Amino acid sequence: MTLIVMAREDVYKLLYEAFDKRPVFISKNKRILSIILRYHVKHLLGRYSKIFIKDLWGWTEDFFRSRFIEENILERIVLGHEDPMILIIEDLHINKYKDLVQRAVAIYSGSGRGVYKSLGYDPVVKIFASIREGVYMIQGLMDKVLLIKIEGDRFVELSLSQKYQEAVKVLSEAFDIYGSYKQSDAVKILMRELGLDRVEAQKILRYLYENGVIKIDKGGYIVIGEV
């Protein structure tokens, strides 16, 4: 799966396109889910007079206290399970509340990607944190894993120069060709594909590691865009 860095405007565009469908957003990180939910609710209130939120996970208290939500928006959000309803549900409760799962216009969950796909939800989007604070990876908005940065409640440009973006693209595409590979192999791949010498390839790899774009597991294998 190729990992790419996208401009802020393009990330918003993909999210709003997802909001117009019947999406599921999956993450163990409640902060990122809460941020996406704020944009989602505002978008849906352009279509509906009110939105119902059924929280079976228990994390919307912070959402309603957020300084980023305007009072006129809060007035149109109702806690309950009438339609149209956004369901917030932890994976352990999927079967117990199957009726709600099937009725919801959107779901925010901790897992259950395969289940939601089988129920016809689209897109099913998974979000997970990278090593670098505030940087997240998103899978499911397109056929690539997106690398994004969040400050406050806003998506911001991730400061990654063209040189490093090209390196990320080469390294992530290498998984489709070679499968798993080690740090020493990554250096050789960068040297061959980008025409770099060994020292420059090692510097790029070190930069990507220090900025949380890639990880190196205990066996010395490169991890990038892992979901």
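The values are calculated or read from the model by the stated rules, or taken from the named source; none is laboratory data. These numbers were taken from a predicted model, which means no experiment stands behind them. Please note: Cβ atoms are built from the backbone with ideal geometry, for glycine as well, and neighbour counts cover all protein chains shown.
If you go through the range 114-125 one residue at a time, how many are modelled with pLDDT of 90 or more, surrounded by 15 or more Cβ atoms within 10 Å (Cβ to Cβ) and either outside any loop (DSSP other than H, G, I, E, B) or under 14 Å from the mean Cα position of the chain (by Cα) (or both)? Count: 4. Whether any residue in the range 128-136 is outside the structural domain of R8 (by TED's automatic domain parsing), crowded, with 17+ Cβ neighbours inside 10 Å, closer than 27 Å to K28 by Cβ and hydroxyl-bearing (S, T, Y) is what I want to check. No: the range 128-136 contains no residue that is outside the structural domain of R8 (by TED's automatic domain parsing), crowded, with 17+ Cβ neighbours inside 10 Å, closer than 27 Å to K28 by Cβ and hydroxyl-bearing (S, T, Y). Scoring Y164 on the criteria (1) at positive phi; (2) touching a residue at least 40 places away in the same chain (Cβ under 8 Å) leaves a single failure, condition (1). It is to be established whether one or more residues within the range 26-40 are out of contact with any His (no Cβ under 7 Å at 6 or more places or on another chain), over 20 Å from Q139 (Cβ atoms) and either free of Cβ contacts under 8 Å to residues at least 60 places away in the same chain or of a type in the set (D, E, K, R) (or both). Checked against the condition, which is being out of contact with any His (no Cβ under 7 Å at 6 or more places or on another chain), over 20 Å from Q139 (Cβ atoms) and either free of Cβ contacts under 8 Å to residues at least 60 places away in the same chain or of a type in the set (D, E, K, R) (or both), the range 26-40 yields at least one hit. Kindly indicate whether I224 is surrounded by fewer than 16 Cβ atoms within 10 Å (Cβ to Cβ), under 23 Å from N29 (Cα atoms) and of a type in the set (A, V, I, L, M). It is false that I224 is surrounded by fewer than 16 Cβ atoms within 10 Å (Cβ to Cβ), under 23 Å from N29 (Cα atoms) and of a type in the set (A, V, I, L, M). Contact map, the range 66-88: residues that are assigned by TED's automatic domain parsing to the domain that holds S111 paired with residues that are surrounded by 13 or more Cβ atoms within 10 Å (Cβ to Cβ) and of a type in the set (S, T, N, Q), Cβ distance under 7 Å, separation 6+ or inter-chain. Pairs shown: I88/T60.
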